[in-house]
Amino acid sequence: MASWTVTGDIMAEAKKSRRLGRKPLAVGFLSTVAVAALGAVAPAVAQSLELKHGTFLPPRHPSTLMMRKSAEMLDLMTEGRVKVKVFDSSTLAKSTDQLDAVQRGVMDLGRYIFTYSSLRQRPFYMVGSIPFLYRDGAGFIRAWTSEPTLMEMANQYAPKYGYDNVILFDVSYSGFARVALRNKEARTPADLKGLKIRGTGTYIAIVESYGGSAVTIDTPEVYGALERGLIDGAIGLNTNWINFKWAEPATYLIDYNLAPVGATLTLRKTTWAKLSDRDKGLFRYYAKYMAAELTNQYLQEDVSGNNVLASQLKIYTPTPEEKKLWDAPRGKVVDEWIKVVGEADGRKAVAIIEKYNK
């Protein structure tokens, strides 16, 4: 299984540097990329700046724990000048409101999940979870990390969508979405016709292309909706089925990857302006480190999660011919996305994704 890393055990080295009173910027500690980002800027006058990092995830979710670990790392690297406080469980904003909350100043930091984009709302950001284009986790990661184009385009679109006070940093991989149903075994898309399926943002195109009815429900509320029969099924990641326990009220899972879920760390521009050049370099490193660690976390869950779900759900793997049926909407979905986004940017983004997902 592939693994994406930024550096070695920087937490241990950072703690050791602070304990010994050393500057935590030795080349042996940070990667050369991070050091280059810092340049030869002289240290600024020490002052503490606390950033609010909001997430909709619960406190013990592996990703929440990683956010707190990364926050501790940034505190150590900046010698207390920049602190990050993580607010979990949608304390500051719901999952669908993360980007707006950063723009309005409700929080300084958030993770925008690309699946909350749609043809009607922030359409270009569907690029981070557009259905049927990405092959697997490795293909998604390479498309976003091998060259800067997609990230640059995403930042160019922020002010176009009204987010002129937001900067998008490194993208992380969160897994591939699959559909599961409460009490009906589905083998082909025709089995979803007429069903009410939880699908937000990019998932709406998937549900509707199969003849289902997309129902928008916030992540923490899906369990109850499935349990009470308000919806017939849901599209979700392994972490949804396991950590949010969606698998308990569900019965059947179709083992077919519909779309990847990518997330980007977002920061308020006004907060960014408050950082010294030195701390901006360290923040960039913090963002890259967290993205790599979260990606590795979900890559591991792609494997371990499948083993867990095999004991909880009845899983059906489509035949090669059935997979063609599940993949049939690809051309229509992608062409419609390009039409909405615009020929130039749409085809440019698709070409990059296809380059790393052959």
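Those helices (runs of 4 or more DSSP H) of the range 68-178 in which 2 or more residues are touching a Phe, Trp or Tyr at 6+ places or on another chain (Cβ under 6 Å) and of a type outside the set (S, T, N, Q) occupy 137-145, 149-157.
Being buried (at least 17 other Cβ atoms within 10 Å of the Cβ), at pLDDT below 95 and not acidic (Asp, Glu) is a description that does not apply to residue 168. Only one of the numbered conditions (1) among the charged types (D, E, K, R); (2) farther than 28 Å from residue 350 by Cα; (3) buried (at least 20 other Cβ atoms within 10 Å of the Cβ) is not met by residue 94, and that is (3). No other residue among 262, 233, 211, 201 is more than 28 Å from residue 166 (Cβ to Cβ) and touching a residue at least 40 places away in the same chain (Cβ under 8 Å) apart from 233. When 203, 210 are screened for being at pLDDT below 95 and surrounded by 19 or more Cβ atoms within 10 Å (Cβ to Cβ), only 203 passes.
For the range 247-256, the set of residues classified as touching a Gly at 6+ places or on another chain (Cβ under 9 Å) and either over 24 Å from residue 230 (Cβ atoms) or of a type in the set (Gly, Ala, Ser) (or both) consists of 250 only. Only residues that are more than 21 Å from the chain's Cα centre (by Cα) and polar (S, T, N, Q) were counted across the range 162-194, and they come to 2. Counting the residues of the range 267-283 that are crowded, with 16+ Cβ neighbours inside 10 Å and polar (S, T, N, Q) gives 2.
The values are calculated or read from the model by the stated rules, or taken from the named source; none is laboratory data. Worth saying up front: this structure is predicted, and the values here are computed from it rather than measured. No Cβ is skipped: glycine too gets one built from the backbone with ideal geometry, and neighbour counts run over all protein chains shown.
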